[in-house]
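**Student:** Can you read through this structure? Questions will come right after.
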Amino acid sequence: MNLITFTFEVAEEDQLDFVKTLDELRDFWEEKDFTVSLFRDRSRQTRFLQLFLTDKSVDELTDLIQNQPRAKAVFEKIKDAGSGVVVSVMEQIV
């Protein structure tokens, strides 16, 4: 099992629409065998952590983001907001 995390920033005024868009994609990710969660930092309200739990590789996730219009649109919004995305990939050991 892999845990793939994306850490990024979203301005407070853009968060409502952004979270709604991510929530609308949950079914899409589940169809592709990814369990997705989104967290917001309580001390820094503009920082988000999106978790993807899956048996798939980060390369498969990247391929979906680059080639599936719905997924790509979300990451374009992050990029357009000027926020970089920090990606981390963890492998389940126990």
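**Student:** Any residue in segment 32-48 that's closer than 27 Å to Glu60 by Cα and free of Cβ contacts under 8 Å to residues at least 40 places away in the same chain: show its pairings with residues that are of a type in the set (Ser, Thr, Tyr) and surrounded by 15 or more Cβ atoms within 10 Å (Cβ to Cβ) at Cβ separation under 8 Å, as long as the two are six or more apart or on different chains.
**Tutor:** Asp33/Thr54; Phe34/Thr54; Thr35/Thr54
**Student:** With the condition kept exactly as written, say whether any residue in segment 35-49 is out of contact with any helix residue (DSSP H, G or I) (no Cβ under 7 Å at 6 or more places or on another chain) and over 15 Å from Thr7 (Cβ atoms).
**Tutor:** Yes, segment 35-49 contains at least one residue that is out of contact with any helix residue (DSSP H, G or I) (no Cβ under 7 Å at 6 or more places or on another chain) and over 15 Å from Thr7 (Cβ atoms).
**Student:** Tell me which residues, restricted to segment 55-86, are surrounded by 12 or more Cβ atoms within 10 Å (Cβ to Cβ) and touching a helix residue (DSSP H, G or I) at 6+ places or on another chain (Cβ under 7 Å).
**Tutor:** Leu64, Ile65, Arg70, Ala71, Lys72, Val74, Phe75, Lys77, Ala81, Val85
**Student:** Let me ask something additional. Take Leu64 and decide whether it is touching a residue at least 12 places away in the same chain (Cβ under 8 Å), within 14 Å of Ser88 (Cα to Cα) and within 14 Å of the chain's Cα centre (by Cα).
**Tutor:** In short, no.
**Student:** I've got another one for you. Considering each of Arg26, Arg44 in turn, give the residue that is out of contact with any Pro (no Cβ under 7 Å at 6 or more places or on another chain) and loosely packed, with under 14 Cβ neighbours inside 10 Å.
**Tutor:** Arg44
Values in this text are rule-based calculations from the coordinates and carry no lab data. What you see is a predicted model, and the numbers here were worked out from it, not measured in a lab. Note that each Cβ is placed from the backbone with ideal geometry, even for glycine, and that neighbours are counted across all protein chains shown.
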